[in-house]
Amino acid sequence: MLGLGAMLSPTLPFMMQQTNFTKKDFGPDFKWGTATAAYQIEGAYKEDGKGLNIWDTYSNKKGKIKDGTNGNIACNFYHSYKSDIALLKSMNFDVFRFSTSWSRILPNGIGSLNQKGIDFYHRVIDECLEQNLEPWITLYHWDLPQALQDKGGWANREIVDWFNEYTEVVCKAYGDKVKHWMILNEPAASTTLGHLAGIHAPAKIAPRKFLAAVHHTTMCQAEAARVVRANVSNATIGTTFSSSPVSPKNDKARHVKAAHRMDILLNRLFVEPALGMGYPTEGWNFISKIERYIKQGDEQKLAFDFDFIGLQNYTRNITKYSLIPFVWAFEVLPSKRGVPKEKTTDMGWEVYPEGIYEVLKRFSAYKNVPPIYVTENGCAFPDKVENGRVHDDRRVQFFKDYLAQVLRAKQEGMDIRGYYVWTLMDNFEWQEGYRPRFGLVHVNFETQERIVKDSGLWFRNFLDTD
């Protein structure tokens, strides 16, 4: 690997160009960080007593991942965490958001502990504290232990007890060091893609299991938060939601109704129960059937007085009516609605900076909503290494444009407390494999060499102000 000095010494021409805002405009207490996920970066998938999770199983099946890869090694963060955290610190961030791997700590999901797994996260946390970085733990970022999936996974109501047990173990292990906790990462994505669309692990197309998984996930969201509250003194507790502005293709009634259903699925399904509003079932018969899985007393358990919520935005959604059963809605892809290729990312998503302002305004309008952090925002572009550098000007412009919209929302009085980049370094991007590169740091997955991209250097300079 290159030394930090070699990676951070260049002066970039675009850095001489001032944006129309500075770090100071966001306020002295605004937090800046990066976000990661255990499965996407750690590797070491069978080392030191770790049990398998659903992504270990899924990605090692032939034909499941688009480029034929898996997360067995990924970024090798398990062995390179010290230098990776040093890179994060070198870019002048003050928060490292990471998730703990459930099956690394509890190989079977419940029961016996894996002390080597617990020790690993102690080392990560200690390194953060040594570097004067705040560690923010996400308890679940999509990597359910395979042993629990074999018992029904999120569709099994017992998962509420399983997740509580896991949460209590993690809290007791790290609660004296870690004070910022996030319960779930994007439950709308994990339940929909894993149990309805069937394109993420555990790869089910099962509407009934989807509804069961939604309810049990929502219960875990609140019940585990209560476990954290009971076990960690002075904890700041939140959870994260994926969010996208949703608009109909046009004003025809069938498209408007389709957009309403899509909005429930993408934006409302998990936050409204957490706020004590119950499930948003109006106008969608399929979602109303979730009542089959609600037992007496459940509705009171869905709400929790979170200290903050995390919003994660990447793009917007234009919806049209579809004959797809249950949902009856379908996204009109940017390529099908005339969006120029230069205004889309390597994931095919439209670059739409106003979208992050729109979702911040939308969620801020909820009654009694807690403070908001942008806990993920970022973009994938096809990066190239040239003479030891990665000139990702499009990514730099992306961050400038999106941050301008975050500042706009903040200046209008919305209570926004921080912004976390997705992601620290290029990693295993779920079913897409390693092709899409979201990182501020370029990773050569054959040599594990790291190179801080121009976007990382831009953040280093932007954040280097008091």
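Each reported figure results from applying straightforward, stated rules to the coordinates on display, with no laboratory input. The model shown is predicted, which means the values in this text are computed figures rather than measured ones. A quick note on method: Cβ atoms are made from the backbone with ideal geometry, for glycine too, and the neighbour counts reach across all protein chains shown.
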Nitroxide proxy distance, nm - points 7 Å out along Cα→Cβ at A206 and I324: 2.0 nm
Residues I73, I54 arranged by fewest to most Cβ contacts within 10 Å: I73, I54
Loop trypsin sites (Lys or Arg not before Pro), the stretch 65-135, which have at most 14 other Cβ atoms in a 10 Å radius of their Cβ (DSSP): K66
Per-q log10 I(q)/I(0), the stretch 184-285, q = 0.10, 0.20 Å⁻¹ (Debye; single scatterer per alpha-carbon; no solvent): -0.33, -1.08
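Cross-link list K24/K89; K343/K400; K252/K367; K62/K204; K31/K361: which exceed 22 angstrom alpha carbon to alpha carbon?
K252/K367
Okay, helix-only estimate at 222 nm for the chain: each DSSP H run of n ≥ 4 adds -39500 (n - 2.57), divide by all residues, round to 500 deg cm²/dmol; what do you get?
Numbers: 17 runs with 165 residues, N = 466.
For the chain, the value works out to -10500 deg cm²/dmol.
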Overall dimensions of the stretch 256-386 as given by Cα atoms, namely Rg and Dmax in Å: 17.5, 62
For the stretch 58-103 and the stretch 226-259, distance of Cα centres in Å: 25 Å
Label-point separation, D25 to K361 (7 Å along Cα→Cβ), nm: 1.8 nm
Within straight-line cross-link reach of K257, lysines at Cα separation under 19 Å, skipping those fewer than 8 residues along the same chain: K249, K289, K320
In order through the stretch 130-145: 3J(HN,Hα) via Karplus (6.51 cos²θ - 1.76 cosθ + 1.60), integer Hz, x for Gly, Pro: 5, 8, 6, 10, 7, x, 10, 8, 9, 6, 9, 10, 6, 9, 4, x
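Looking at the square roots a ≥ b ≥ c of the eigenvalues of the Cα gyration tensor of the stretch 390-429, which shape do they give, rounded for a/c under 1.5, prolate if a/b is larger than b/c, or oblate? Before the final figure, lay out each step's value.
Numbers: a/c = 4.21, a/b = 1.78, b/c = 2.37.
The shape class here is oblate.
Which order do T191, T315 fall in if you start with the one that has the fewest other Cβ atoms within 10 Å? Could the numbers behind the result be given before it?
On the way: T191 27, T315 19.
Listing T191, T315 from fewest to most nearby Cβ atoms yields T315, T191.
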Net +/- balance of residues flanking N461 in space, Cβ distance below 12 Å, scoring K and R +1, D and E -1: 0
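Under unit Cβ charges (Lys, Arg +1; Asp, Glu -1), what dipole magnitude, rounded to 20 debye, does the chain have relative to its Cα centre?
On the way: 57 positive and 54 negative charges, 285 e Å.
For the chain, the charge dipole is close to 1360 debye.
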Additional length obtainable on full extension of the chain from R337 to D48, 0.36 nm per residue less Cα span: 99.1 nm
Relative pair counts by distance (%), Cα atoms of the stretch 153-244, 5 Å bins: 3, 15, 23, 21, 17, 11, 7, 3, 0
Neighbour net charge for F330 - beta-carbon separation under 11 angstrom, K R +1, D E -1: +3
Alpha carbon centroid spacing (whole Å) that separates the stretch 413-466 from the stretch 133-155: 23 Å
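Are there trypsin sites (Lys or Arg not before Pro) in the stretch 313-353 that DSSP marks as loop and that have at most 15 other Cβ atoms within 10 Å, and which are they?
Working: sites: R316, K320, K336, R337, K341, K343; in loops: R316, R337.
Answer in residue order: R337.
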Exposure proxy order (Cβ contacts within 10 Å, fewest to most) of M182, M91, M277, M414: M277, M414, M91, M182
Trypsin sites (Lys or Arg not before Pro) within the stretch 382-433, DSSP loop, no more than 16 other Cβ atoms inside 10 Å: K384
Calculated log₁₀ intensity ratio I(q)/I(0) where the Debye formula runs over C-alpha points of the stretch 425-465, q = 0.29 Å⁻¹: -0.94
